[in-house]
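Inspection log for the structure reproduced underneath, given as structure tokens.
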């Protein structure tokens with residue numbers, strides 16, 4: 001949205017120009033690319049990962065430990081892009097997966113075979129469902145219409161393979177799902193609060209998937225640099241994939 005970033009020119013001269021940026025907005029949600037802090041963003045029965053409590057967050061005025069500042073030096077690891085449109089019967093001719101389609105652990109294993117990759121400890125796995133391609137073609141839609149994304153049984157895959165981070169072109173969790181409304185994002189809860197696996201939301205894989213298909217290679221160097229925000233519960237960012 002144009003109101004998120006206020007930019008003002010502060011100096012223009014014969015020797016150069018400069019401007020000033022002021023960011024005012026909420027990056028959590030379903031629009032802006034961001035990384036969730038592991039310990040404080042999502043909780044189970046009032047506790048986050050490493051036992052961080054609601055009372056501790058309120059007393060500290062932020063995330064007292066395990067905040068996004070713990071990743072201040074950046075993330076450099078192997079990224080694997082799972083292209084869900086390659087699953088037989090999943091992809092539409094237009095290039096996306098239909099709303100509400102769950103991607104299960106068994107689907108990720110099938111994609112390993114289809115794409116010729118194998119997830120190893122420390123990897124970040126990224127799920128392309130064609131969200132942004134659909135949005136460009138049909139326009140935005142309310143999340144109540146559905147989200148194609150990870151089923152909660154992917155948590156077993158994350159644990160067994162030692163995955164460090166997951167990402168998606170929406171909010172990661174499939175919707176609707178079989179759980180109660182208060183469990184709106186079950187994989188968020190399992191990944192963050194139970195496993196300590198970081199989550200990237202709302203990434204745009206449109207160009208990445210084009211290059212991966214052209215090269216026939218779905219693994220790459222993944223780099224992300226969160227803002228250095230002490231006690232922060234996440235950060236907007238723009239990750240880079242290098243083939």
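The values are calculated or read from the model by the stated rules, or taken from the named source; none is laboratory data. Note that the structure is predicted; figures quoted are calculated from it, not measured. A quick note on method: Cβ atoms are made from the backbone with ideal geometry, for glycine too, and the neighbour counts reach across all protein chains shown.
Assorted remarks:
- Taken over region 144-182, the criterion of being modelled with pLDDT of 95 or more, exposed (fewer than 15 other Cβ atoms within 10 Å of the Cβ) and part of a helix (DSSP H, G or I) is satisfied by 145, 156, 159, 160.
- Scanning region 38-54 for residues that are farther than 23 Å from residue 26 by Cβ and surrounded by 14 or more Cβ atoms within 10 Å (Cβ to Cβ) gives 47, 53.
- Residue check for residue 7: more than 18 Å from residue 238 (Cβ to Cβ) and surrounded by fewer than 17 Cβ atoms within 10 Å (Cβ to Cβ): no
- Hits in region 220-230 - residues which are in a strand (DSSP E or B) and buried (at least 19 other Cβ atoms within 10 Å of the Cβ): 220, 222, 224
- Checking residue 69 against (1) part of a loop (DSSP other than H, G, I, E, B); (2) within 30 Å of residue 207 (Cα to Cα); (3) over 15 Å from the mean Cα position of the chain (by Cα); (4) touching a residue at least 60 places away in the same chain (Cβ under 8 Å), the condition it does not meet: (1)
- Of all the listed residues (189, 217, 213), the sole one being over 27 Å from residue 67 (Cα atoms) and outside any loop (DSSP other than H, G, I, E, B) is 213.
- One residue alone among 79, 89 is without any contact (Cβ under 8 Å) to a residue 12 or more places away in the chain and either over 19 Å from residue 231 (Cβ atoms) or assigned to a helix (DSSP H, G or I) (or both), and that residue is 89.
- Taking the criterion of being assigned to a loop (DSSP other than H, G, I, E, B), touching a helix residue (DSSP H, G or I) at 6+ places or on another chain (Cβ under 9 Å) and surrounded by fewer than 17 Cβ atoms within 10 Å (Cβ to Cβ), the residues of region 107-143 that qualify are 118, 120, 121, 141.
- Only one entry in 185, 221, 227, 190 is in contact with a helix residue (DSSP H, G or I) (Cβ under 6 Å, 6 or more places away or on another chain) and farther than 20 Å from residue 110 by Cβ, namely 190.
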